[in-house]
Ligand code: GFB
């Protein structure tokens, strides 16, 4: 049978924190966690937010990524497949328990609420819409603290298995991802099992072939929307911010945070891009850079970059319509990539490129003075 029950049990979670980059970090950690517990990972849909919409949208996992390559690493099943073919038998509605570390207060809850502590797994957006997508309601809550998810540095997986055996707890359903953000160093390599779906692979290939001029191209990620400007203010009082360990190291062994790492100036962007293009001209004269592809959430700087590069005969491009996933797929294929060290969206591209041995750089890194 195609959908045979896994006697070792299942694990499911809501990617309830952040947008795609955050969810991807969490996915890699959850995959490692499911494998350490030897439970099948139920592949959740990606949670997306559209302007003007009150409820998140749930996009099936395989819209963007293939399921099969993941099987090489560990057993996985699409959430829709699990719910329609296995849930009745494995996880009947009367036995659905939500897992959280400790009590989560409901948004409406009074201070001295007489009700028993609860995970309130469906409280608010995206929590409610996520589980509603599959008509899942919870009948009880389970607090798993002080267990945690760091399966690489402790025997915690065994403790999970002892506390929650598969026969008594066939499905562990987590309120949030059983993983850390940013992704643990040890789990970065799991990126190699995330392969773009044929639709995105094809779309990226077509754009590169039909729109970009023949020859090498540099991919840029410019993260500069208003949410980002605000987020960058936290640089001042943090050791790490979002994906910063990808360039500074997980223990800041390659330096401390500084503002330009988060918000490079326009001048610095142009300077660094030109320098990289010149370096490529010298080191790889046969594979000259002919164009630049810009991905951005806000300002693509198309005219500034076009002006700066016109004398080098290099054209600057972006997608005709906003598509965060196609942007990612194209950046992954560029000959050279410059991303934002703090952004987990850039981090996705960097990890994917690392699996292919493609070169990547970060804006304003290393720090100007130290270069
Ligand atoms: O992916 P994400 O968690 O990365 O969130 P960061 C940024 C979102 O902005 C992406 C859009 O999922 C996209 O929807 N976006 C960013 C882009 N860059 C691009 C781009 O080049 N092209 C397109 N089309 N869309 C942080 C979060 O975002 O932002 C934090 O990690 C926090 O949780 C902070 O919310 C403000 O890591 O960049």
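Descriptive notes on the structure:
- Note on the range 123-135: among residues that are in a loop (DSSP other than H, G, I, E, B) and touching a strand residue (DSSP E or B) at 6+ places or on another chain (Cβ under 8 Å), the one that is surrounded by the most Cβ atoms within 10 Å (Cβ to Cβ) is 133.
- Pairing each residue of the range 240-254 that is within 17 Å of residue 345 (Cα to Cα) with any residue that is assigned to a loop (DSSP other than H, G, I, E, B) and more than 15 Å from the ligand (Cβ to nearest atom), provided the two are 6+ apart or on different chains, yields C-beta distances under 6 Å for 247/365; 248/254; 248/255.
- Among (1) assigned by TED's automatic domain parsing to the domain that holds residue 293; (2) in contact (Cβ under 8 Å) with a residue 24 or more places away in the chain, the one test that residue 206 misses: (2)
- Every listed requirement among (1) closer than 30 Å to residue 331 by Cα; (2) part of a helix (DSSP H, G or I); (3) outside the structural domain of residue 335 (by TED's automatic domain parsing) is met by residue 179 save one, (2).
- Filter result for residue 217 (at pLDDT 95 or above and either closer than 30 Å to residue 147 by Cβ or in a loop (DSSP other than H, G, I, E, B) (or both)): no
- Against the list (1) assigned to a helix (DSSP H, G or I); (2) touching a helix residue (DSSP H, G or I) at 6+ places or on another chain (Cβ under 9 Å); (3) surrounded by 13 or more Cβ atoms within 10 Å (Cβ to Cβ), the condition residue 236 fails is (3).
- Check on residue 231, assigned by TED's automatic domain parsing to the domain that holds residue 298, away from the ligand (no atom under 13 Å from the Cβ), in a helix (DSSP H, G or I) and modelled with pLDDT of 95 or more: no
- No other residue among 33, 73, 27, 65 is farther than 23 Å from residue 157 by Cβ and either touching a helix residue (DSSP H, G or I) at 6+ places or on another chain (Cβ under 9 Å) or assigned by TED's automatic domain parsing to the domain that holds residue 346 (or both) apart from 65.
The values are calculated or read from the model by the stated rules, or taken from the named source; none is laboratory data. This one's a predicted model, so the numbers in the text were calculated from it and none came from an experiment. Here the Cβ is made from the backbone with ideal geometry for all residues, glycine too, and neighbour counts use every protein chain on show.
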